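Structure record follows, encoded as structure tokens.
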Amino acid sequence: TEEQIRQATTKTLADYGAVAEQYARGNMDHDVSQNIHAMLEPLQTSKEGPFDILDVCCASGRDLVAFKAMGHRPVGLDGV
């Protein structure tokens with residue numbers, strides 16, 4: 001029902017909000033180059049970049065910064 005969805009959304013946002021700052025601090029400087037390479041490699045075999053990239057659940061935006069530095073056009077979307 002609509003009320004169940006509202007309750008689930010409220011709980012999810014509260015849970016995320018309780019750890020968001022700690023998560024961001026702990027992940028901002030994490031080396032993501034291996035993950036980014038694994039994601040872009042299949043795309044680069046079929047098309048030259050730069051790519052338009054949608055990062056859903058982007059949290060602190062760490063990967064957005066890396067994609068932008070590589071010349072891509074990232075957009076981040078998060079629930080908070």
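The values are calculated or read from the model by the stated rules, or taken from the named source; none is laboratory data. No experiment lies behind these values; they were computed from the predicted model shown. No Cβ is skipped: glycine too gets one built from the backbone with ideal geometry, and neighbour counts run over all protein chains shown. Protein only, heavy atoms only, side chains kept; ligands, DNA and RNA dropped before computing areas. Shrake-Rupley method; radii C 1.70, N 1.55, O 1.52, S 1.80 Å.
Values for this structure:
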| item | result |
| --- | --- |
| Per principal axis, descending, Cα span of the chain in whole Å | 46, 30, 17 |
| Solvent-accessible area of residue 47 with every protein chain in place, 1.4 Å probe, in Å² to the nearest 10 | 120 Å² |
| The chain, accessible surface, carbon-and-sulfur percent (1.4 angstrom probe) | 56 percent |
| Sorted peptide list for 53-61, 18-26, criterion being average Cβ within 10 angstrom, highest first | 53-61, 18-26 |
| Relative packing of 30-40, 67-77, which averages over residues the other C-beta atoms within 10 Å, highest first | 67-77, 30-40 |
| For the stretch 39-80, the Rg and Dmax computed from alpha carbons only, in angstrom | 10.8, 35 |
